[in-house]
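A short worksheet on the structure shown next.
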Amino acid sequence: MAETWLSQEAYDRLMEEREHLKTVGREQMAADIEEARSHGDLKENAEYHAAKDEQGKMEARIRQLDELLRDAKIGEPDDTDVVRPGLVIELDVEGDVEVYFLGSREDSHDELEILSAESPMGKAITGANQGDTVSFATPTGASVEVTVKDIRTS
């Protein structure tokens with residue numbers, strides 16, 4: 001798994017979400033399931049099955065947050081001339097200049113589009129130096145060339 005950099009604000013927000021889901025969320029979900037269970041036969045009880053599905057989604061989100069927060073690096077990485085998560089990357093993508101924050105979608109950057117380090121382009125540029133040109137295959141199989149124009153902290 002690629003390293004994940006989160007701003008302190010994003011880290012705090014995600015910690016709060018996780019704690020809410022583990023406490024209030026679980027209590028509410030248990031009450032919803034109990035209410036649905038009281039409506040009769042569980043085999044034909046759509047409300048019960050919907051509540052159980054929602055419980056599964058909530059527990060999956062808790063596991064996702066646990067993993068993300070356990071391994072996340074907080075703050076901003078040091079200045080570097082090597083592309084890595086947590087940095088702002090300016091790329092020449094076949095003649096068009098595009099600027100991305102290379103990192104997690106959980107970290108909000110209102111002014112920048114997020115580029116996942118796990119995406120084909122993210123994987124291709126990670127480890128590249130300023131001025132390097134790399135190519136990668138898109139999910140449709142097309143080959144794309146990008147040149148790293150600038151690397152900086154946000």
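Before moving on, here are some points about what is shown:
- Gaussian network model of the chain, springs between alpha carbon atoms under 10 Å - residue of Arg84, Arg18, Arg37 with greatest fluctuation: Arg37
- Ratio of the Cα radius of gyration of the stretch 47-102 to 2.2 N^0.38 Å, where N counts its residues: 1.86
- Computed about the Cα centre, the dipole magnitude for the chain is approximately 580 debye when only Lys and Arg (+1) and Asp and Glu (-1) carry charge, each at its Cβ.
- Computed from Cα atoms, the angle from the helix 46-71 axis to the main principal axis of the chain rounds to 40 degrees.
- Listed by chain and number, the lysines whose alpha-carbon sits under 20 Å from that of Lys22, ignoring those within fewer than 8 places in the same chain, are Lys52, Lys57.
- Scaled against the 2.2 N^0.38 Å expected of a compact globular protein of N residues, the Cα radius of gyration of the chain reads 1.40.
- Between Glu9 and Gln130, the contour length at 0.36 nm per residue exceeds the Cα-Cα span by 40.7 nm.
- Backbone amide hydrogens, once placed in the peptide plane, bring Leu87 within less than 5 Å of Leu102, excluding anything fewer than 5 places away on its chain.
- The stretch 71-150: trypsin sites (Lys or Arg not before Pro) in DSSP coil with no more than 15 other Cβ atoms inside 10 Å: Arg105
- Per-peptide average of other Cβ atoms within 10 Å, ordering 133-146, 56-69 highest first: 56-69, 133-146
- Computed [θ] at 222 nm, deg cm²/dmol, the chain (DSSP H ≥ 4; -39,500 (n - 2.57); rounded to nearest 500): -12000 deg cm²/dmol
- Full-stretch length increase - Glu90, Ala46 - with 0.36 nm per residue and alpha-carbon distance subtracted: 10.8 nm
- Rounded tilt (10° steps) of 8-20 against the dominant C-alpha axis of the chain: 20
- Cut-off under 5 Å, modelled amide H: who pairs with Ala128 long-range: Val83
Throughout, read-outs are computed from the coordinates displayed, never taken from laboratory work. As the structure is a computational prediction, the values presented were derived from the model and not from experiment. Cβ sites come from the backbone with ideal geometry, for glycine too, and all protein chains shown count toward neighbours.
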